[in-house]
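Working notes for the structure below.
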Amino acid sequence: MYPQTRMRRLRRSEGLRRLAQETGVRPESLILPAFVLSGKGRAEPVRSMPGVVRLSVDLLAERAERSQASALLLFGVPGSGEKDATGSAALRDDGIIPSAVRALKSVRPDLTLITDVCLCAYTEHGHCGLLTKSGEVDNDATLSVLGRVAAGHAAAGADMVAPSAMMDGQVGALRASLDNSGKSETPIMAYAAKFASSFYGPFRDAAQSAPGFGDRRAYQLPPGNRREAIRDALLDEAEGADWLMVKPAMAYLDVLAELRGATRLPLAAYQVSGEYAMLKHAAAAGAFSERDVVLEAILCIRRAGADAVVTYYAEEVCKWLAE
Ligand code: PBG
């Protein structure tokens, strides 16, 4: 106790502080989400996410050639004419994501490509799965479709698939489908603890994936339930997930920290669209230094237990770290 113990001894100089630094941010720990359009030559800024641009495959490949990010998480954004009741465009070999994976691998084979596996951007109704006649999301009928989507992504060359539909049994269904299609080496990053969060608002604008009716509370986790989140995440591990993810990140760091203690799998956390928008808008209003606050936010997400962080800031952070 004071005065024998003085915590400030550890903090007296930059060198001493660095020696005792427990957590850091490395460019290789960051995953950049990318919204991919169909067609050619298309670049559409996302109004609610300043700095984020949806790109068609050709422009995405061009952008990737000079990208400093080392991993991408790909989301397909089909046009309204490509959507139907069952999300069939998600199953096409020549669909947006398989095409993007092939194009990116041909220009940047070193880029790690992770693909989002969900139906919400591909269905007219905007829900993450197929619907029953009475308009509920049909869990079991959705599983085989998600399995086929993932196998298609893996066949195109995806390094990892990331199921985000929050259907029960989806990780097991993906594992079986990958194994049966000769892709037993393709890992699964499970959106294991994905909450029904209003922080996804800007994403639904970016991916044009807002539910046409109702909301996602019948399949995503209740924001107030930590025990249920851990239980759900551990089921994904039991079904064969190779990575677990917590999403959103900053308002859910307690879940991330508890999950860190409950599993030995690597963990990812997703700093979602609403978190990005908050930081962007506040920085633009002069509230703080964008660089300093973003680096702190990501550092703290890592401290809470994330090995990898999915962030729309990945490109900028890589630049800042290289300065
Ligand atoms: C699709 C999906 C969502 C996000 C990632 N995958 C949105 C949702 O569940 O409505 C959100 C990502 C973000 O907000 O940045 N199921």
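Things worth noting here:
- Taking (1) among the polar types (S, T, N, Q); (2) within 29 Å of Asn225 (Cα to Cα); (3) assigned to a loop (DSSP other than H, G, I, E, B) in turn, Ser184 satisfies each apart from (2).
- Residue within the range 246-257 that is over 15 Å from Phe195 (Cβ atoms), touching a residue at least 12 places away in the same chain (Cβ under 8 Å) and either within 14 Å of the ligand (Cβ to nearest atom) or surrounded by fewer than 23 Cβ atoms within 10 Å (Cβ to Cβ) (or both) present: yes
- Condition met for Gly201 (within 12 Å of the ligand (Cβ to nearest atom) and open to solvent by 30 Å² or more (accessible area, probe 1.4 Å)): yes
- Matching entry among Asp179, Asp168, Asp140 (being in a loop (DSSP other than H, G, I, E, B) and surrounded by fewer than 24 Cβ atoms within 10 Å (Cβ to Cβ)): Asp168
- Whenever a residue of the range 204-223 is farther than 17 Å from Asp138 by Cα and outside any loop (DSSP other than H, G, I, E, B), its partners that are modelled with pLDDT of 90 or more and open to solvent by 10 Å² or more (accessible area, probe 1.4 Å), lying with C-beta atoms within less than 6 angstrom and at least six residues away or across chains, give the pairs Asp205/Ser48.
- If only residues of the range 34-66 that are more than 21 Å from Arg204 (Cβ to Cβ) and open to solvent by less than 20 Å² (accessible area, probe 1.4 Å) are counted, the one that is nearest to the ligand (Cβ to nearest atom) is Ala64.
- With respect to (1) over 15 Å from Gly76 (Cα atoms); (2) more than 15 Å from the chain's Cα centre (by Cα); (3) of a type outside the set (A, V, I, L, M, F, W, C), the lone exception for Thr112 is condition (2).
- Count of residues meeting criterion [over 18 Å from Pro33 (Cα atoms), out of contact with any Leu (no Cβ under 7 Å at 6 or more places or on another chain) and away from the ligand (no atom under 12 Å from the Cβ)] in the range 108-137: 8
- A count restricted to the range 90-107 and to residues that are of a type in the set (A, V, I, L, M, F, W, C), open to solvent by less than 20 Å² (accessible area, probe 1.4 Å) and more than 15 Å from the ligand (Cβ to nearest atom) stands at 3.
- Pick from the range 259-273, criterion in a helix (DSSP H, G or I) and crowded, with 20+ Cβ neighbours inside 10 Å, ranking: farthest from the ligand (Cβ to nearest atom): Leu259
- Residue, farthest from Ile114 (Cα to Cα), within the range 1-35, restricted to residues that are part of a loop (DSSP other than H, G, I, E, B) and hydroxyl-bearing (Ser, Thr, Tyr): Tyr2
- Residue list for the range 279-298, restricted to those being under 21 Å from the mean Cα position of the chain (by Cα) and crowded, with 16+ Cβ neighbours inside 10 Å: Leu279, Lys280, Val294, Leu295, Ala297, Ile298
The values are calculated or read from the model by the stated rules, or taken from the named source; none is laboratory data. In this text the structure is predicted, and so the values were computed from the model without any measurement. Heads up, the Cβs are rebuilt from the backbone with ideal geometry, glycines too, and the neighbour counts pull from every protein chain shown. Just the protein is used for accessible areas: all its heavy atoms, side chains included, with ligands, DNA and RNA removed. Shrake-Rupley method; radii C 1.70, N 1.55, O 1.52, S 1.80 Å.
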